[in-house]
Amino acid sequence: MTSWGPEGVDPGGSGSGRGVALTPYRSDVVRELEAEVQAEYAVRYGGPDETPVDPAEFAPPEGAFVVAYVGRVPVAMGGFRRHDEDSAEIKRMFVATGHRGRGHARAVLAELERLARDAGYRRIVLETGMRQPEAMGLYASAGYAPIAGFGHYRDSPLNRCFARLL
């Protein structure tokens, strides 16, 4: 997939099409999408995601964070961080409300898998929740299988964890 610049400008300058760009987790565009996903968590779960996240965990070589753009509009995001020696953990997958159902999450997931493989990881793990059936459907269709709970919400009855070999 074409990797556009951090401002989401496509190389041809046409402003059309989709691209996925490596983007620092601390960037303004990620902060804006993060605010949207946290608002959605509040609606679906009654509060924000309280999983501890250190922005440095998403920096190469052990992590990465990407934003998908349509033209110059940021529409989706996701990242991975080191889970263990062989595994990366996907975090903060999100597609903005008005852009869902158009393959943006699948594009972000594919790019994260590629980057994780390139970083030497052999497996990806992730957490999601029962109140995100579209996320569970995406992961199942991409070959992720259920695994035992881990992470901040491991004991929550709403938590679901998945993994896939790369």
Using the Cα gyration tensor of the range 39-166, with a ≥ b ≥ c the square roots of its eigenvalues, what is the shape: rounded (a/c below 1.5), prolate (a/b larger than b/c) or oblate (neither)?
rounded
On C-alpha positions alone, give me the angle between the axis of helix 104-118 and the longest principal axis of the chain, in degrees, nearest 10.
80
With all protein chains modelled, accessible area of M136 [1.4 Å, Å²]
40
State the Kirkwood hydrodynamic radius of the range 30-104 in Å, one decimal place, computed from all pairs of distinct Cα atoms.
13.3
Under the Karplus relation 6.51 cos²θ - 1.76 cosθ + 1.60, θ = phi - 60°, what is the ordered set of whole-Hz ³J(HN,Hα) values for the range 72-86, x standing for Gly and Pro?
9, 9, x, 10, 7, 8, x, x, 9, 9, 5, 9, 7, 4, 9
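At 1.4 Å probe size, with the rest of the protein present, what percent of the exposed accessible area of the chain is carbon and sulfur atoms?
53
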Whole-Hz ³J(HN,Hα) from phi, Karplus 6.51 cos²θ - 1.76 cosθ + 1.60, for the range 129-145, glycine and proline x:
x, 4, 8, 10, x, 5, 5, 4, x, 4, 5, 4, 5, 8, x, 7, 10
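Under 8 Å for C-alpha pairs, at least 6 residues apart: give me the relative contact order for the chain, rounded to a whole percent.
Relative contact order of the chain: 19 percent.
Hey, got the dipole for the range 42-97? About the Cα centre, +1 on K and R Cβ, -1 on D and E Cβ, debye to the nearest 20?
Numbers: 6 positive and 9 negative charges, 96 e Å.
Computed about the Cα centre, the dipole is about 460 debye.
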Assigned charges on the beta-carbon of Lys, Arg, Asp, Glu; the chain dipole about Cα centre (debye)
500
Under 5 Å, built H, 5+ apart or other chain: amide partners of G129
R160
Evaluate the distance, in nm, between pseudo-label points positioned 7 Å from the Cα of S156 and of T97 along their respective Cα→Cβ axes.
2.0
Step through the residues of the range 37-52 one at a time and calculate ³J(HN,Hα) from phi using the Karplus curve (6.51 cos²θ - 1.76 cosθ + 1.60, θ = phi - 60°), rounding each to whole Hz and writing x for Gly and Pro.
5, 5, 5, 5, 4, 4, 5, 6, 10, x, x, x, 6, 9, 4, x
Output for the range 83-128: GluC sites (Glu not before Pro) sitting in coil per DSSP, at most 15 other Cβ within 10 Å, listed by number, reads E85
Label-point gap, in nm, between D118 and Q38 - each point 7 angstrom along Cα→Cβ
3.0
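The values are calculated or read from the model by the stated rules, or taken from the named source; none is laboratory data. From a predicted model like this one, the values you see are computed outputs, not experimental measurements. Cβ atoms come from the backbone with ideal geometry, glycine included; neighbour counts cover every protein chain shown. The accessibility values were calculated without ligands, DNA or RNA, using every heavy atom of the protein model including side chains. Shrake-Rupley method; radii C 1.70, N 1.55, O 1.52, S 1.80 Å.
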